[in-house]
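All remarks here apply to the structure that follows.
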Amino acid sequence: MASDKTKLEVKKNPEEKPVEEMIVKLDGFHSQFTVIESNTNETPEPANKPKPRPQSVSKNNTKTLVKKVAIIGLPNTGKSQIFNNLTGEYNIVANYPRTTIEVKRSLAKIKEQLYEIIDTPSLHCLYIHSEEEMLVRNMILDENPDIIVQCIDASQYKQSLLLTADLLELETPMVIVLNAIDKTQRKGIRIDSKELERILEIPVVESIATRSIGKAEIQDAITKARKSKSSIKYGFKIESAIIDVMSALPFEMPFKFKASVLLLLMDPFLEKSLEKKHGREMIERTRLEISRIRRQSQDKIHRDINSKRHQWVSNISNVTVKKDTPDKEFSQDFARACRHPVLGIPILLLFLSFVYLSVVYISTALTKFLEVYIVTPTVDFIQSLSLPLFWNDLLIGQHGIITLGVFNALCTVLPIISVFFFVFGFFEDSGYISNFCVLTKRLFEKIGVTGKAITSFVLGFACKTMATLNTKCLPNRKEKLITVFLISFAIPCSSQLGLDLAILSKVGITAFLIAFGTLTFYAVLAGVILNKVLKDDLSNCFIEVIPPMHLPSIKGIALKTYHRMISFLKESMPIFVLSAIVLFAVDKLGILPMIKKGMNPLIVSWMGLPSDILDVFMLSLATRSAAAGLIFNMVDSGALNFTQSIVAVVVTTTFLPCFSNIIAIGKEMGIKAAITISGAIVIVSFFLGGVLNWLLIFALKQI
């Protein structure tokens, strides 16, 4: 606007307190109101009301102020890696979008100042498109972080600058981290960080987070973070409209300027949030003001705002980006081949063969090594003690604490899943997974899911609970319901998948093909049925960020595998031991034999499995890995034949989800949906298990 201070006439509303004067100071988008009210004894709240003081941590009776640092950015820009570098903590890092699905926090000390570092899920802009993004925006608006660190990957530079425009309008001190600069330079893209810093007037740091390059510079920039004086120049008409909306909002509300812009863009989530916080009367007032503005602009106000934003981005991009001739990279051609509808299939089969052979040969060798040097000597030693029968069974019996509990976790399950974790980490970090999502797009569309759901399915092979929570990014309930059901029903998590591969390898490649062919058929059939039965919801287009493919760091994969193994032991070891104690108790009390006898018609007659498989089903309620480990031991001892091994793997994979996954379903879909899905899965699993058993018996007779 032409002048720094402009007096505005404000129409009096009989329902509002009279306003004598409103002085608006405009500096680009920086707006500050000074309101003098009459007919009230209350002292007006100062316009420059300070932020709430940061929380404090008491140590040795000395209070230290803790500043909040929120790490924000588009998908796959290295937020979690920078979080790890700053805090020394470890969040799972992968070379595909939506790896982080919840806000994570940790304390870090930088130059004697204590900071709370906050890692957040992906965010494209402050205009929200999903629950995942709303989680991040709510954190920003509600907690008002002291500093925002925005991660930018040059391959998504313009999209990132749109987010930058939003964050600048919050008037919060900022730092920008240009991450993965080595990869972008190989593509012929160079960003002038000094020029970007000059334009935005905030610290800009270059980084290669995976190698901790730039860590010290980021720490230094955080201590020097400041508010930007740069802004989008919207022009008189738009800025006047923004001021009118601001006048309808509560005086004490933070981020009023940004909130007004979002309301003019018709952000539905923000309206609902403001209505909950400030009441229907306020939001109705705001709606009336926005309706008036939109009528005056002939419904062009939102297009005009977006036009100014895109122009601002283009102007900055034009002066900060330099393009050279990119290096010819084999990885780009290989990535295109991975998602090609014809070439992608043999590449996928090649990768699957690599996974199968790695788990079969390497994990089997590790398991045998531990069996010879740990399990057998320990069992022999305890037997040599000649303990009473009760204590002997409690320690090393069929349901012994050491044999079924500790050794099942350490010597059977851990070697197998550690190999699988390492191989799966290779695919994560190489960038193959996003290309796989594109390759399978057409198949998933047949079962009623598109877009972000594909990533949720892939995450299911790592952890079903994490994959279920990831469905919060899906735009409609139908797609979310289909995805949650199929993740729980037909996709084995990483620990179970690794064990299933090891189990089936003991009875041959044919068993592997039959079992996983059956699971694939189940998934497609269930998806098609649900797609037909459930009512159509909002449509969703498929948009996937495809990161560059490259040979990943062995050190990085090893570190990720180590942390996953430690996490597995922390979470699962107590469950393994407790499950062994429970099974031991119900066996000694005579309850387990009674249950087995009652379940014989279903388990033995219908599914063709030995009655001892009930132990597996009971362990499945606690953790799938313990159940799969028990199946592995049964196959290894000859207790299960060819047909029974296939049926056992398929039924335990499709059986009731583990407890943590049921909790996740309840969180995302509601308690009623969690109970319905779990009940349906149990019934369908046992029914299809029997069908598979009799089909295999019939087929083997024909051979």
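Read-outs throughout are calculated quantities, based only on the coordinates presented, and are distinct from any laboratory measurement. This structure is a prediction, so every number in the text was calculated from the model and none was measured. For neighbour counting, all protein chains shown are included, and Cβ atoms are generated from backbone atoms with ideal geometry for every residue, glycine included.
Brief remarks on what is shown
- For the range 344-702, alpha-carbon Rg relative to the globular expectation (2.2 N^0.38 Å, N residues): 1.00
- Virtual spin-label span in nm between L569 and Q383, 7 Å along Cα→Cβ: 2.7
- Ordered by the count of other Cβ atoms within 10 Å of each Cβ, fewest first, K224, K104 give K224, K104.
- Hypothetical label at E371: residues of the range 607-645 whose amide nitrogen lies under 15 Å (7 Å Cα-Cβ projection): 629-640
- The C-alpha atoms of the chain define a longest principal axis, and helix 624-636 lies at about 20 degrees to it.
- Within the chain, DSSP assigns beta bridges of which about 55% are antiparallel (rounded to the nearest 5).
- Residue order, fewest to most beta carbons within 10 Å, for F457, F521: F521, F457
- Over the range 178-281: Kirkwood hydrodynamic radius from C-alpha pairwise inverse distances, Å: 17.2
- Ratio of Rg to Rh over the chain (Cα coordinates, Kirkwood Rh, two decimals): 1.03
- Counted by Cβ distance under 12 Å from L394, the other residues give a net charge of -1, where Lys and Arg count +1 and Asp and Glu count -1.
- Theoretical gain in end-to-end length, I345 to F330 [0.36 nm per residue, Cα-Cα removed]: 3.5 nm
- Ordering T561, T520 from the fewest to the most neighbouring beta carbons within 10 Å gives T520, T561.
- Its relative contact order, with pairs defined as Cα atoms under 8 Å and 6+ residues apart, puts the chain at 11 percent.
- Counted residue by residue at 0.36 nm each, then reduced by the alpha carbon distance between them, the extension gain from I554 to S637 reaches 26.3 nm.
- Two-decimal log10 I(q)/I(0) for the range 67-223, as the Debye equation yields it once each C-alpha is a single scatterer, q = 0.09, 0.10, 0.15 Å⁻¹: -0.24, -0.30, -0.72
- Cα centre as origin, Lys/Arg/Asp/Glu Cβ charges: the chain dipole, Debye: 800
- Nearest-ten-degree value, helix 344-357 long axis tilted from longest Cα axis of the chain: 50
- Listed pairs K258/K667; K506/K555; K67/K229; K446/K506; K368/K596 exceeding 24 Å between Cα atoms: K258/K667; K506/K555; K446/K506; K368/K596
- Each of the peptides 339-347, 394-402 was scored by the mean count of other Cβ atoms within 10 Å over its residues; in descending order, highest first, they stand as 394-402, 339-347.
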